Amino acid sequence: MCMDGQGTWSLAAAHPEKFAAIAPTCGGGNPADAPKLAKLPTWVVHGGKDTTVPLQRSQEMVDAIKGAGGHPKFTIYRDAGHDSWTETYNNPEFYQWLLAQVRPRR
């Protein structure tokens, strides 16, 4: 089982203070974790034709985070299957966004 996106959600929920931002790719998480993630900059990506992990799993997380007061970015690559990372990693805007994030000092 691929745990990339699920692993991102799980690790970020367990230790949100450790990250400046997260970019879960084609994975679902636990919507109950949304309050822990609401202040963490998040860019979710998913393929619209993903048959490995349904798009709904990412949508549920995005909706839950918004419901907890967060503002996640959400990109759906309509023609992509489970491989939504290739298009993401070829997008210069993704790196600009990621590098602009700073973890708050505690």
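Quick notes
- Among the conditions (1) under 28 Å from residue 105 (Cβ atoms); (2) surrounded by fewer than 20 Cβ atoms within 10 Å (Cβ to Cβ); (3) within 13 Å of the chain's Cα centre (by Cα), residue 44 misses just one, which is (2).
- Index of the failed condition, residue 46 passing every other in (1) out of contact with any Leu (no Cβ under 8 Å at 6 or more places or on another chain); (2) over 18 Å from residue 14 (Cβ atoms): (1)
- Scanning segment 17-29 for residues that are farther than 20 Å from residue 94 by Cβ and surrounded by fewer than 17 Cβ atoms within 10 Å (Cβ to Cβ) gives 17, 18.
- Some residue of segment 68-81 being farther than 18 Å from residue 27 by Cβ, hydrophobic (A, V, I, L, M, F, W, C) and under 16 Å from the mean Cα position of the chain (by Cα): yes
- Taking each residue of segment 84-106 that is closer than 21 Å to residue 48 by Cβ and looking for partners that are surrounded by 10 or more Cβ atoms within 10 Å (Cβ to Cβ) and among the polar types (S, T, N, Q) with beta-carbon atoms closer than 7 Å, six or more apart or interchain, yields 84/25; 85/25; 88/25; 94/88.
A short reminder: the numbers here are calculations on the coordinates, not readings from a lab. It should be emphasised that the depicted structure is a prediction, and the values quoted were computed from it without experimental measurement. Glycine gets a Cβ as well: all are built from the backbone with ideal geometry, and neighbour counts include every protein chain shown.
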